[in-house]
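These notes concern the structure reproduced below.
The values are calculated or read from the model by the stated rules, or taken from the named source; none is laboratory data. Computed from a prediction, not measured in an experiment: that's the story for all the values here. Counting neighbours? That spans all protein chains shown, and the Cβs are built from the backbone with ideal geometry, glycine included.
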Amino acid sequence: MQKKTKMPQTNNFRRLNREAALELFTRGDLFALGKLANVIRWIKHPDPVVTYIVDRNINYTNICSIRCAFCAFSVDINSSKGYVLSTGEIIRKIDEAVNLGATQILMQGGVHPDLDLEYFEKLFRDIKSKFNVQIHSLSPSEISFLSKKTGISVQDVILRLKQAGLDSIPGGGAEMLVDSVRRIISPRKINALEWLDVMREAHLIGMKTTATMMFGSIESPGDIVEHLLRIRDLQDETGGFTSFIPWSYQPGNTALGGKTATGTDYLRVLALSRVVLDNVDNIQASWVTQGLKVAQIALFFGANDIGNVMIEENVVAATGVKNSVTEQDLIDVVMSAGFHPAKRNTLYEILELH
């Protein structure tokens with residue numbers, strides 16, 4: 001029988017302020033930082049369990065009026081490559097995913113100038129009439145656009161979407177929650193405070209969300225720390241984030257260009273996230289951008305979740321990075337690292353322990 005990973009010895013930790021977080025991030029030894037993050041992971045999750053979820057990412061459109069410089073997926077509305085999936089095609093994709101064990105559907109697209117609130121209300125109602133599945137969909141940018149298009153408040157938009165079937169909101173569009181960075185990589189996207197305000201409004205009506213960070217483009221170490229502190233501050237206020245997912249910028253086929261963050265860059269950011277975000281329960285490893293081997297190492301750098309069995313993924317794939325896994329792949333990776341794999345739902349409730 002394989003020996004399971006045991007919880008290391010733990011001590012009391014004080015919350016890091018900005019200066020201490022930056023010092024740890026820029027000057028701390030990578031393995032010492034990883035060890036600290038791992039200890040905190042065990043404090044929060046004493047059982048040797050690593051979770052995952054089976055889901056499908058459905059990009060209902062690739063047409064976007066924002067056209068971020070780091071995105072290789074979106075196109076202009078007049079592009080011959082543009083599309084909007086029909087409701088029938090979306091239903092077919094969900095049916096296929098549910099038959100493969102999916103419990104969550106993540107739907108995001110571009111900010112399409114012609115798709116309004118009524119479109120999403122009808123779509124979500126159609127989905128809920130056919131499937132018992134978590135609709136974990138849209139992003140703060142899409143919701144903010146719907147608010148401006150309809151002339152009603154962000155909270156009212158979320159309430160209407162919730163009544164139609166929206167269950168939770170993914171953390172897409174956060175990128176870097178520092179406006180000096182956003183003005184360069186996504187100048188037409190909502191600013192940092194607007195992103196946070198959408199999440200706040202969702203939390204205040206009882207809707208859970210996730211938080212993300214895209215790093216490795218043009219930001220500084222201080223920007224990464226600022227992003228984490230803004231997530232931590234909102235979590236102090238609302239407690240609505242279920243998890244945090246850092247992922248590395250992929251420069252292929254983008255207008256922004258640049259270099260790909262290394263595996264050690266990723267592990268350093270992930271570990272810092274676990275240490276700084278003392279009020280966020282779950283830190284998710286990203287095999288989508290880093291591959292399974294680095295994701296497995298991340299389980300010893302603070303991550304307690306290995307992410308999604310993405311039956312479909314298009315946005316990162318558009319950059320030329322095409323990692324894919326099966327549920328058994330994730331189970332094997334988790335077990336070979338000495339943990340018990342557990343299938344979960346969107347709210348991190350265990351559905352099946354392997």
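One residue stands out among those in segment 145-199 that are in a helix (DSSP H, G or I) and in contact with a Lys or Arg (Cβ under 8 Å, 6 or more places away or on another chain): the one that is modelled with the lowest pLDDT, which is 182.
Would you confirm whether any residue within segment 129-139 is more than 23 Å from residue 212 (Cα to Cα) and assigned to a helix (DSSP H, G or I)?
Yes: segment 129-139 contains one or more residues that are more than 23 Å from residue 212 (Cα to Cα) and assigned to a helix (DSSP H, G or I).
Of all residue pairs spaced 6 or more apart or on separate chains, those with beta-carbon atoms under 8 Å, a first member in segment 105-134 that is over 13 Å from residue 167 (Cα atoms) and a second member that is surrounded by 20 or more Cβ atoms within 10 Å (Cβ to Cβ) and of a type in the set (Asp, Glu) are 108/142; 109/142; 111/142.
Would you call residue 82 surrounded by fewer than 17 Cβ atoms within 10 Å (Cβ to Cβ), in a helix (DSSP H, G or I) and more than 24 Å from the chain's Cα centre (by Cα)? Spelling it out, it is not the case that residue 82 is surrounded by fewer than 17 Cβ atoms within 10 Å (Cβ to Cβ), in a helix (DSSP H, G or I) and more than 24 Å from the chain's Cα centre (by Cα). Annotation note: Cβ proximity below 7 Å between a residue of segment 5-25 that is over 25 Å from residue 224 (Cβ atoms) and among the aliphatic types (A, V, I, L, M) and a residue that is at pLDDT 50 or above and part of a helix (DSSP H, G or I) (sequence gap 6+ or interchain) occurs for 7/42. Among residues of segment 322-333 that are at pLDDT 90 or above, those with a Cβ under 6 angstrom from a residue that is surrounded by fewer than 20 Cβ atoms within 10 Å (Cβ to Cβ) and in a helix (DSSP H, G or I), sequence gap 6+ or separate chain, pair up as 333/292. Checked against (1) among the β-branched types (Val, Ile, Thr); (2) under 17 Å from the mean Cα position of the chain (by Cα); (3) under 22 Å from residue 14 (Cα atoms), residue 198 passes all but a single condition, namely (3).
Being under 21 Å from residue 166 (Cβ atoms), in contact (Cβ under 8 Å) with a residue 40 or more places away in the chain and in a helix (DSSP H, G or I) is a description that applies to residue 202. Of the residues 205, 218, 245, 224, which is closer than 25 Å to residue 259 by Cβ and surrounded by fewer than 22 Cβ atoms within 10 Å (Cβ to Cβ)? When all the criteria are applied, what remains is 218. Would you check which residues across segment 31-45 are within 8 Å of residue 302 (Cα to Cα) and not in a helix (DSSP H, G or I) and list them? Passing the criteria: none in range.
Would you mind stating whether residue 230 is modelled with pLDDT of 95 or more, of a type in the set (Lys, Arg), surrounded by fewer than 24 Cβ atoms within 10 Å (Cβ to Cβ) and not in a loop (DSSP other than H, G, I, E, B)? Spell out how you get there, then give the answer.
On the way: modelled with pLDDT of 95 or more: yes; of a type in the set (Lys, Arg): yes; surrounded by fewer than 24 Cβ atoms within 10 Å (Cβ to Cβ): yes; not in a loop (DSSP other than H, G, I, E, B): yes.
Criteria met by residue 230.
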